[in-house]
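Notes to accompany the following structure.
The values are calculated or read from the model by the stated rules, or taken from the named source; none is laboratory data. Treat the numbers as computed from the prediction; the structure is a model and nothing was measured. Because the Cβ atoms are built from the backbone with ideal geometry, glycine has one as well, and the counts that use them run over all protein chains shown.
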Amino acid sequence: MEYETVLLDRQEDVGILTLNRPEKMNAVSNQMAYELCEAMEELNDDESVSTIVLTGAGRAFCSGADVSRFEDGVAAKDGKAVGAPKGPRLNWIQQIRSGKPVVCAVNGASIGAGMTRILPCDVRIASETARFSMRFVRVGIVPEIASTQILPQLVGLQVAADLMLSGRTIDATEAERIGLVLKVLKPEELLPASIELAREYAEIGPTMLRETKGLLYQNCVEQDIALVTQREGAAIARCTGTPEQREAIAAFREKRTPDFRSLR
């Protein structure tokens, strides 16, 4: 489909999804919220795409929610007529967590709704110019998109509490120190490095990527260790004897690198 607020590109088997309202610092409008989910779904359904890179156009990744979304919310609370968001509401977390590996290239400010869009991604890499804030309390609202669960998993409960209760802004160096991002790079290095990392993941067979990612997100909050091992055992059974495993064994015996791409 055609998109007005996001861009889709493909470099070999890596899909690149770009927030594209640079004149608004990629603030999330209702239309962008919808189109982001639609575009992510399109990439997940595209058999030629193995992994995905998410980034922003211009000097910001995403400056937060467009103020019109807050105004519409207040107006609706007051009983006034407000235009409905475009299309059905799609689940951003579901699109990422049940889909292909996603590397987020945070090219600039990632504030509020911008930060909650990056948290479900599998890996986050930041530009030296990136800034991060869970600013919700400072605009009279609370965090969204399961960030009250995901952020503590990434940085720990105490640090997450500090970021959410203060709404303060941190720079890329601190984001790396607390584990919010994997690493920090120069602005000109960010997108090429993110695409390269996505390509590294794409070298793995799609079955192994899907199974491993599914286990990771099912089990990271699971308290029942027996259920964790049961899920792993079931996944091992599903993977045993697959073309990907056969290619891995053959490559080991032949002392070569496995070629999983040829199996697609």
Within the stretch 193-226, of all residues that are within 19 Å of the chain's Cα centre (by Cα) and among the small types (Gly, Ala, Ser), the one surrounded by the fewest Cβ atoms within 10 Å (Cβ to Cβ) is Gly214
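Do we have any residue at all in the stretch 56-75 that's aromatic (Phe, Trp, Tyr), at pLDDT 95 or above and under 16 Å from Ser194 (Cβ atoms)?
Yes, the stretch 56-75 has at least one match.
Condition check ((1) of a type in the set (Ser, Thr, Tyr); (2) in a loop (DSSP other than H, G, I, E, B); (3) under 26 Å from Glu189 (Cβ atoms)) across all residues:
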| site | (1), (2), (3) |
| --- | --- |
| Met1 | no, yes, no |
| Glu4 | no, yes, no |
| Leu7 | no, no, yes |
| Gln31 | no, no, no |
| Leu36 | no, no, yes |
| Glu41 | no, no, no |
| Asn44 | no, no, no |
| Ser48 | yes, yes, no |
| Gly58 | no, yes, yes |
Per the list (1) modelled with pLDDT of 95 or more; (2) surrounded by fewer than 17 Cβ atoms within 10 Å (Cβ to Cβ), residue check on Ile118 breaks on (2)
